[in-house]
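Structure, as structure tokens:
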Amino acid sequence: ALGEQVYLEQCATCHMPDGSGHSTEMPNAPALNGSEHTWHHSDGDLYRIISDGLISMPSFETELSHEERIAVIRYFQSWWPADLLKTQQNASQQNPMPNP
């Protein structure tokens, strides 16, 4: 529930409510629903991208708590097919999310 709330409040404008990305406001915002490259990033990389920002994506380090960042990642990962999630989680073993 927390991940969905954070996603809808902070991410959906650019990445679209269904995670399909490429909104009118931010056409270069990638899809987060497993249809593009996001699943190639480890949990640690996803956490850092959300925290630090990337290209036109702003930093959310002061906007979101550690728990909120983890929750939003787990929320959009829930859209990924099982095979993509398994591959991504295997890669995340070498680059996991940081502990607070």
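The values are calculated or read from the model by the stated rules, or taken from the named source; none is laboratory data. All figures in this text were calculated on a predicted structure; none of them were measured in a lab. Cβ atoms come from the backbone with ideal geometry, glycine included; neighbour counts cover every protein chain shown. What goes into the accessible areas is simple: the full protein's heavy atoms, side chains included, and nothing from ligands, DNA or RNA. Shrake-Rupley method; radii C 1.70, N 1.55, O 1.52, S 1.80 Å.
Below are the figures for this structure:
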{"item": "Accessible surface of the chain [probe 1.4 Å, protein heavy atoms]: carbon and sulfur percent", "result": "54 percent"}
{"item": "Taking only Cα atoms of the chain, radius of gyration then Dmax in Å", "result": "12.5, 36"}
{"item": "Estimated 222 nm signal from helices in the chain, with DSSP H stretches of n ≥ 4 weighted -39500 (n - 2.57), rounded to 500", "result": "-11500 deg cm²/dmol"}
{"item": "Rh (Kirkwood; distinct C-alpha pairs) - the stretch 1-45, Å", "result": "10.8 Å"}
{"item": "Å² per residue, accessible surface of the stretch 26-68 at 1.4 Å", "result": "53 Å²"}
{"item": "Chain lengthening between Ser35 and Thr87 when straightened (0.36 nm per residue, less Cα-Cα)", "result": "17.3 nm"}
{"item": "Debye, to nearest 20: dipole size of the stretch 13-100, +1 on Lys, Arg Cβ, -1 on Asp, Glu Cβ", "result": "200 debye"}
